[in-house]
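Reviewing the structure listed below.
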Amino acid sequence: MTSSAPVFVASARGRDALASPIRRLTPYADAAKARGILVHHLNIGQPDIATPRVVIDAYRNYDDKVLAYGPSEGLPAYRQALAAYYNSLGAAEGGPALTAKDILITVGGSEALSFAIGATCDIGDEVLVAEPYYPNYKGYSHILGVHTRAITTHAEDGFRLHPEQVAAAIGPRTRLVLISSPGNPTGAVMSAEDLRAIAQICHSRGVFLLADEVYRDFVYDGSATTAPSLLAQPGFAENALIVDSVSKRYSACGARIGCLVTRNADVYAAALKFAQTRLSAPVVDQLAAMAALQTPAEELRSAIADYKRRRDVLCAGLNQIPGVRAQVPAGAFYLVVELPVADADAFCIYLLKDFSYQGETVMLAPADGFYATPGLGLNQVRAAYVLEVPKLERAVQILSLALASYPGEKSC
Ligand SMILES: Cc1ncc(COP(=O)(O)O)c(C=O)c1O
């Protein structure tokens with residue numbers, strides 16, 4: 001009698017999960033660094049701007065004897081302080097003010113995304129999202145057994161998501177429309193009219209609207225109307241949700257604090273059960289995040305002005321390279337760049353594996369991983385302008401030389 005040995009393999013869900021297009025090429029970068037090459041990281045949205053002093057001080061000043069669990073929904077004082085912040089952004093205009101009970105503190109905006117998708121969609125349901133999109137939208141949906149359906153937006157059109165596209169794409173299994181404005185990876189900022197029109201369409205079709213606003217403050221030309229003002233409208237109170245985070249606003253990605261904002265008591269109760277399953281968000285980080293609300297407005301303004309300068313330098317430099325096209329984005333700190341190569345993925349590997357200039361190279365994120373539709377984004381990369389201006393200038397110079405020497409297939 002033959003007995004076959006047991007086989008231990010990961011689940012199909014695990015095997016089918018997406019590798020992050022932002023981090024996928026890290027082994028090549030690590031190998032380049034091991035060879036002594038300096039890698040300029042334009043691939044990842046890790047801001048280099050100093051975290052506000054009030055945040056760092058809050059960590060230093062923690063001295064309770066026991067570092068205990070916090071409430072699953074977050075520290076009451078922090079939730080109250082956040083309610084006041086959203087009310088100051090318009091959430092209370094023409095309607096009841098938001099209160100702590102509308103706010104659930106999460107482990108980064110990431111957990112808020114997964115809670116929001118899980119609390120609104122069942123297995124087999126569908127999330128609609130504009131492509132190119134933040135890949136973790138698909139990552140979390142995949143873990144939860146939810147399909148993502150992409151609506152394609154185009155560089156020539158400033159990556160605008162048209163309300164009519166949303167209306168046409170909503171199908172029988174659509175439960176949620178997920179918008180990211182200012183957007184990652186495009187930097188596109190949705191107009192007040194489009195935001196309202198999309199919210200209206202979602203409402204009339206019985207679909208939730210989730211606004212991912214982790215880049216809310218990063219708007220460079222004029223100001224944007226943001227989702228808190230939607231929550232003030234009686235009609236949208238039931239179907240509009242917001243995901244937020246301290247990561248980008250306060251240059252505090254390692255704090256791992258975000259939140260889910262919703263007036264929908266049913267959705268909140270569902271998300272709270274998910275939160276109870278993971279017990280508590282980190283307590284000291286919540287205290288630091290609460291302190292972050294005291295960041296002097298001037299400090300935030302100066303960070304935004306810095307990003308704007310970086311954006312302008314990077315776009316101007318990129319557009320001077322023959323064959324490169326970079327539309328100036330209105331917000332966030334990313335842009336999608338079209339390169340004169342047939343396979344941007346291969347070019348990004350070339351940059352890390354085969355190319356260096358005076359001991360330096362550049363890491364970019366191939367953009368095909370930001371699209372769901374096969375064949376899109378093949379000649380595009382996402383660049384993040386989270387480095388100081390001289391480093392961005394150097395990165396542009398390196399990129400220009402690498403493109404000139406690239407032996408791979410060029411695009412026409
Ligand atoms: C669009 C978008 N949403 C959500 C997140 C999640 O951020 P965090 O979990 O650090 O709050 C990110 C991070 O880069 C992002 O780009």
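The values are calculated or read from the model by the stated rules, or taken from the named source; none is laboratory data. All values derive from a computational prediction rather than experimental measurement. Don't worry about glycine lacking a Cβ; one is built from the backbone with ideal geometry, like all the others, and counts go over all protein chains shown. Only protein heavy atoms, including side chains, enter the accessible area calculation; ligands, DNA and RNA are left aside. Shrake-Rupley method; radii C 1.70, N 1.55, O 1.52, S 1.80 Å.
Observations
- Residue 383 fulfils the conditions (1) closer than 27 Å to residue 305 by Cα; (2) in contact (Cβ under 8 Å) with a residue 12 or more places away in the chain; (3) assigned to a helix (DSSP H, G or I) except for a single criterion, (3).
- Of the helices (runs of 4 or more DSSP H) lying entirely inside segment 239-347, those containing at least 3 residues that are away from the ligand (no atom under 16 Å from the Cβ) and free of Cβ contacts under 8 Å to residues at least 12 places away in the same chain are 265-277, 297-319.
- For residue 286, the criteria (1) surrounded by fewer than 20 Cβ atoms within 10 Å (Cβ to Cβ); (2) assigned by TED's automatic domain parsing to the domain that holds residue 182 hold in every case but one, which is (1).
- In segment 88-113, residue least open to solvent (accessible area, probe 1.4 Å) [restricted to those that are part of a helix (DSSP H, G or I) and free of Cβ contacts under 8 Å to residues at least 60 places away in the same chain]: 100
- For residue 192: the one exception among (1) within 11 Å of the ligand (Cβ to nearest atom); (2) surrounded by fewer than 24 Cβ atoms within 10 Å (Cβ to Cβ); (3) among the hydrophobic types (A, V, I, L, M, F, W, C): (1)
- Checked against the criterion of being closer than 25 Å to residue 278 by Cβ and either within 16 Å of the ligand (Cβ to nearest atom) or not assigned by TED's automatic domain parsing to the domain that holds residue 154 (or both), segment 89-102 has no qualifying residue.
- Inter-residue pairs, beta-carbon under 9 Å, first outside any loop (DSSP other than H, G, I, E, B) and in segment 58-77, second surrounded by fewer than 17 Cβ atoms within 10 Å (Cβ to Cβ), 6+ apart: 58/284; 59/284
- Residues being within 20 Å of residue 133 (Cβ to Cβ) and either at pLDDT 95 or above or open to solvent by less than 60 Å² (accessible area, probe 1.4 Å) (or both) - total across segment 290-338: 11
- Pair list, Cβ under 6 Å, 6 or more apart: segment 10-37 residue not assigned by TED's automatic domain parsing to the domain that holds residue 138, other residue assigned to a loop (DSSP other than H, G, I, E, B): 22/43; 22/44; 37/356; 37/359
- Count of segment 205-221 residues, restricted to those that are in contact (Cβ under 8 Å) with a residue 60 or more places away in the chain, away from the ligand (no atom under 15 Å from the Cβ) and either open to solvent by 50 Å² or more (accessible area, probe 1.4 Å) or closer than 18 Å to residue 110 by Cβ (or both), is 1.
- If you go through segment 227-238 and pick out every residue that is open to solvent by 20 Å² or more (accessible area, probe 1.4 Å) and within 14 Å of the ligand (Cβ to nearest atom), you end up with 0.
- Of everything listed in (1) buried (at least 24 other Cβ atoms within 10 Å of the Cβ); (2) under 21 Å from residue 129 (Cα atoms), the single unmet condition for residue 250 is (2).
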